[in-house]
Amino acid sequence: MPAPAPAPPVGAAPAPFPAPAHQPSAPSHELRAALAGVRSEVAKAVVGQDAAVSGLVIALLCRGHVLLEGVPGVAKTLLVRSLSAALDLGTKRVQFTPDLMPGDITGSLVYDARTAEFSFREGPVFTNLLLADEINRTPPKTQASLLEAMEERQVSVDGTPRPLPDPFLVIATQNPVEYEGTYPLPEAQLDRFLLKLTLPLPERDDEVEVLARHAAGFDPRDLAAAGIRPVADAALLARARAEVAQVQVSREVLGYAVDVCRATRRSPSLSLGVSPRGATALLATSRAWAWLSGRGYVTPDDVKALAHPTLRHRVQLRPEAELEGVNAEVVLDTVLGSVPVPR
Ligand SMILES: Nc1ncnc2c1ncn2[C@@H]1O[C@H](COP(=O)(O)OP(=O)(O)O)[C@@H](O)[C@H]1O
Ligand SMILES: [Mg+2]
């Protein structure tokens, strides 16, 4: 029996609890179990926030970057630190501050007086999993150097391209952009993030559990003491990715994903809808979700479940709509409610 599917990375859409049509083979079952293990390791530190954890696992399967948004104090940093601790991968963390320079991210040429030569000193971007914490607190020039590395998966400093490790994944956190003293990420470059996950304030019960853990001595600075161990490595993720690539998608479901994206382009509330690149992202995330749910094929419900986190940062609201209190979630709900579902 495959484990029950974890919560999908959304708030509104219905959770697909699939009945597997075929018994998954032992290896894929083990791979899924290992990824479920990543979730349980993270849960040793982070209470709840299941949707965000699902989203991070999907990003690992798709080798996609993630933007994690939420007000201060909802465990954005703790979540990514816990994920790092649960993975046997190279991880680094950069706190994005107003005085950070592009070279502090990518690396820079340093002069060695003894050899009288310049050599390249790698920046923190040379890692598997980079936590870019509070990315909107750093000025655009430094943000741009990270966004460029994310897109190209390489860094060129003195004209020499240097490839980044594989996998290379950025998880960037930000507070909602209306906060003072921040630099919103350029809208046109937001689609370099595969997913935008939002961390809500916890439910009361979850918040009580957070306090109970603190009362029992939990120290968020010491994740080893919380018992988080690495349970997945790059080779395991590569095997899981190969399985995801085998997940079937019918022409009808492809058509449905495309129709959802096309409908955003006609929405009167939007000045910019989802691009074809966004549509391919929706296919990738739906496929990973189908596999995680124990299925060998994608259903329209998979597409629905991943539409919000995959598309919410790829649309631009008209100012009038924004003034009326409309947001990307409302628009996407309307679109999902209006596009005919195949079968
Ligand atoms: N869902 C949660 N699970 C566990 N701890 C939480 C949770 N939400 C908040 N906390 C507590 O609040 C602290 C603040 O979290 P942090 O990761 O610094 O927040 P953020 O990066 O969102 O500002 C955590 O270290 C933890 O003690
Ligand atoms: Mg933080």
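So which trypsin sites (Lys or Arg not before Pro) in region 45-137 end up in coil per DSSP with only 13 or fewer other C-beta atoms within 10 Å? Numbers along the way, then the final one.
On the way: sites: 63, 76, 81, 92, 93, 114, 121, 137; in loops: 63, 114.
Counting only loop positions with at most 13 other Cβ atoms within 10 Å, the trypsin sites (Lys or Arg not before Pro) in region 45-137 are 114.
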Study note, to complete from the structure: Rounded to the nearest 0.05, FRET efficiency between residue 238 and residue 277 (Cβ-Cβ, R0 30 Å) equals 0.80
Practice item. Hey, can you grab everything whose amide H is under 5 Å from the amide H of residue 107? Only 5+ residues off in sequence or another chain; H modelled, so Pro and N-termini drop out. Key: 123
**Study point:** Ranked packing of 153-162, 285-294, 124-133, most packed first, by mean Cβ within 10 Å
**Key:** 285-294, 124-133, 153-162
Practice item. Scan region 182-263 for trypsin sites (Lys or Arg not before Pro) in coil per DSSP, keeping those whose Cβ has at most 15 other Cβ atoms within 10 Å, and list them by number. Key: 221
Study note, to complete from the structure: Taking alpha-carbon centroids only, region 152-231 lies from region 39-108 a number of Å equal to 3 Å
Practice item. Would you mind classifying region 199-279 by shape? Square roots of the alpha carbon gyration tensor eigenvalues, ordered a ≥ b ≥ c; an a/c under 1.5 is rounded, otherwise it is prolate if a/b is larger than b/c and oblate if not. Key: oblate
**Study point:** In nm, spacing of pseudo-spin labels at residue 213 and residue 248 (7 Å Cα→C-beta vector)
**Key:** 4.1 nm
Practice item. Name the longest site-free stretch of the chain, where the excluded sites are GluC sites (Glu not before Pro) in a DSSP loop with no more than 14 other beta-carbon atoms within 10 Å. Key: 1-177
Point to revise | Residue among 80, 53, 253 with the largest mean-square fluctuation in a Gaussian network model of the chain, springs linking Cα atoms under 10 Å | key: 253
Point to revise | Anchor residue 92: lysines whose Cα lies under 23 Å away (excluding residues fewer than 8 positions away in-chain) | key: 44, 76, 141, 196
Point to revise | Segment residue 203-residue 343, length gained on full extension (0.36 nm per residue, minus Cα span) | key: 46.8 nm
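222 nm [θ] for the chain, helices only, -39500 (n - 2.57) per DSSP H run of 4+, per residue, to 500? The partial results should precede the final answer.
Numbers: 12 runs with 144 residues, N = 343.
The helix contribution divided over the chain gives -13000 deg cm²/dmol.
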Check your understanding: If you project the alpha carbons of region 247-343 onto their three principal axes, what span does each projection cover, largest first, in Å?
Key -> 43, 22, 21
Check your understanding: So how many Å³ per residue does the convex hull of the Cα atoms of the chain work out to?
Key -> 160 Å³
Review point. With the chain treated as a Gaussian network of Cα nodes joined by springs under 10 Å, which of 327, 136, 175 yields the largest mean-square fluctuation?
Key: 327
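Read-outs throughout are calculated quantities, based only on the coordinates presented, and are distinct from any laboratory measurement. These figures come from a predicted structure and were not determined experimentally. Neighbour counts run over all protein chains shown; Cβ positions are idealised from the backbone, glycine included.
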